[in-house]
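What follows is a short report on a single structure.
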Number of protein chains: 2
Amino acid sequence: MYEVIPIGLVESPLIDPAAAPRQGDEGAPEAWLVFEERVAAGLGDVVPGAELLLLTWLDRADRDVLLVHPRDDERRPRTGVFSTRSADRPNPVGLHRIRVLAVEGLRIRVSGLEALDGTPVIDVKPVLGSPGER
Amino acid sequence: MYEVIPIGLVESPLIDPAAAPRQGDEGAPEAWLVFEERVAAGLGDVVPGAELLLLTWLDRADRDVLLVHPRDDERRPRTGVFSTRSADRPNPVGLHRIRVLAVEGLRIRVSGLEALDGTPVIDVKPVLGSPGER
């Protein structure tokens, strides 16, 4: 067992899980990522325009779920969670592809984030370029 | 703070961190993912040929590191970890794009995995298709 310690939080107009888009490219709004001071040095190279992968901890997920109807559509057969993007799963890590719009100290404005307001941020990684660009 | 509970382990010929490829598309070998019985129902739709995102917990990482020389190349300036794929970072979640080669019960054979032998597996997700395919 390992401990995940959040490094920040999502600030978003998305409050209601039922009304939130299912993926970032399905009409998700702009949002702020608000980081903790202790990780500031790690953020120094994040600049507007960067394409990043944001990892969150989906703290409202049900960790006991192993089978779901994809997209909550009961006409679709129940499917193992590891073949879906369901938030409900044993370790509910959210993976979001975002673009940085602005950086204001520990606050980073991003586009296209479907995570709910208050969702803990656990990691940020660059989208990998082709092998020659690394 | 949240608890990550591994759902399986990597079995790989990669033992030595210094000799491991840095990314899965840089010559990484085939490996097995060995899952725990309690998550078997969640794996039922994973089939050979599937392209998946594997999330691991990089248990040998240094969680206090915020600045690194990318790819351990000291000629490259020190860079904030959130703009690199360094394993060393506050929450060392590894993100790996893999292809399923074979499924044998709780053992799944995959290609192109740079994670070391014994690395804990924490989640598996499908690569998202275009919006119309979801």
Given (1) within 13 Å of the chain's Cα centre (by Cα); (2) surrounded by 20 or more Cβ atoms within 10 Å (Cβ to Cβ); (3) within 10 Å of chain B (Cβ to nearest Cβ); (4) polar (S, T, N, Q), number of the condition A:Thr84 does not satisfy
(1)
Can you confirm whether segment B:81-100 contains a residue that is more than 26 Å from B:Lys125 (Cα to Cα) and not polar (S, T, N, Q)?
no
Could you go through segment A:47-60 and let me know if any residue there is part of a helix (DSSP H, G or I), within 11 Å of another protein chain (Cβ to nearest Cβ) and in contact (Cβ under 8 Å) with a residue 12 or more places away in the chain.
no
Taking segment B:13-47 only, how many residues are open to solvent by less than 80 Å² (accessible area, probe 1.4 Å) and either touching a helix residue (DSSP H, G or I) at 6+ places or on another chain (Cβ under 6 Å) or at pLDDT 95 or above (or both)?
15
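The values are calculated or read from the model by the stated rules, or taken from the named source; none is laboratory data. Note that this is a predicted model, so its numbers are computed, not measured. Here Cβ is always computed from backbone atoms with ideal geometry, including for glycine, and neighbour counts include all displayed protein chains. Each accessible area value is taken on the protein alone, full model and side chains, heavy atoms only, with ligands, DNA and RNA left out. Shrake-Rupley method; radii C 1.70, N 1.55, O 1.52, S 1.80 Å.
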